[in-house]
Amino acid sequence: MTIKFEAKKDFLIGVLSDTHGHVPSSVPNAFKNADLIIHAGDIGDEKVLDELSQIAPIVAVRGNMDFGKWTKSLPDEEIIEIGSIILYVLHNSGRLDIDPNHAGFNAVISGHTHHPEIYEKNGIRFLNPGSASYPKFGKPASAGLIQIRGDALSIKLVKLKD
């Protein structure tokens, strides 16, 4: 399924993953100007989605640790269109079974590894915001911000505190 949002001059997206039932207290401030929040799975509890929806509209996918009745409506992947920008969201990028170039994606967003990173491959931007609540490998808790201005896409990581 594709979710479409109307483009505007500046569109800000807060991106997080691997909350495992906990939203750090710094998230509302980090995402205060967000037009949309994307959660790339391992949400942990539907209360996380409720809390995030108080900040901005939310699009979420199911992670490998998301179980229970509340997860039944969560897709395994999602396509988001904002103007001419197309984002593909899934929890584990290792399970990416579609060619992002052929599909016309501008960026692929995933989580799962708890390792924050941004890179580009064959003209496609890849974002893993890391874990918002339970970081690993000595990395801080983190999230991502995607700024869309027309056809331009910029991505950065932000540190979170509890």
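The values are calculated or read from the model by the stated rules, or taken from the named source; none is laboratory data. Remember, it's a predicted structure, so these values are computed and weren't measured experimentally. Here the Cβ is made from the backbone with ideal geometry for all residues, glycine too, and neighbour counts use every protein chain on show. We work out accessible area using only protein heavy atoms, side chains counted, and drop any ligands, DNA or RNA first. Shrake-Rupley method; radii C 1.70, N 1.55, O 1.52, S 1.80 Å.
Just to check I understand the Karplus step: with θ = phi - 60° and J = 6.51 cos²θ - 1.76 cosθ + 1.60, what whole-Hz values come out for region 111-116, glycine and proline as x?
Ordered by residue, 3J(HN,Hα) equals x, 6, 7, 6, 10, x Hz.
Please give me the summed charge of the neighbours of Leu157: other residues whose Cβ is under 12 Å from its Cβ, Lys and Arg +1, Asp and Glu -1.
Neighbourhood net charge equals +2.
Quick one: work out the % antiparallel among DSSP beta bridges in region 1-91, nearest 5.
For region 1-91, the DSSP antiparallel bridge percentage is about 35.
For every helix of n ≥ 4 consecutive DSSP H residues, a contribution of -39,500 (n - 2.57) applies; sum these over the chain, divide by its total residues, and give [θ] at 222 nm rounded to the nearest 500 deg cm²/dmol.
-2000 deg cm²/dmol
To the nearest 10 square angstrom, how much accessible area does Phe11 have with a 1.4 angstrom probe?
Estimated to the nearest 10 Å², Phe11 gives 10 Å².
So what's the gap between the Cα centers of region 87-104 and region 25-81, to the nearest angstrom?
Distance between centres, Cα-based: 18 Å.
Write down the percent of antiparallel bridges among all DSSP beta bridges whose residues are both part of the chain, to the nearest 5.
60
Could you derive backbone 3J(HN,Hα) for region 117-128 from the dihedral phi with the Karplus parameters 6.51, -1.76 and 1.60 (θ = phi - 60°), listing whole Hz in sequence and x where the residue is Gly or Pro?
Each residue's phi maps through the Karplus curve to give 6, 10, 8, 10, 9, 6, x, 9, 7, 10, 10, 10 Hz.
May I ask you to derive the relative contact order of the chain, considering only C-alpha pairs under 8 Å and at least 6 residues apart, and to give it as an integer percent?
26
Can you list the lysines whose alpha carbon is less than 23 Å from that of Lys159, not counting same-chain residues fewer than 8 positions off?
Qualifying lysines at Cα under 23 Å: Lys32, Lys47, Lys136, Lys139.
Over the chain, with every protein chain in place, what whole percent of the accessible area is carbon and sulfur at 1.4 Å, could you tell me?
Here it works out to 48 percent.
For region 92-100, what does the Karplus curve 6.51 cos²θ - 1.76 cosθ + 1.60, with θ = phi - 60°, yield as ³J(HN,Hα) per residue in whole Hz, taken in order and with x for Gly and Pro?
Using θ = phi - 60°, the values come out as 10, 5, x, 9, 5, 10, 9, 7, x Hz.
Under 5 Å between amide hydrogens, which residues at least 5 positions from Gly44 or on another chain qualify, with H placed 1.01 Å from N in the peptide plane?
His20, Gly21
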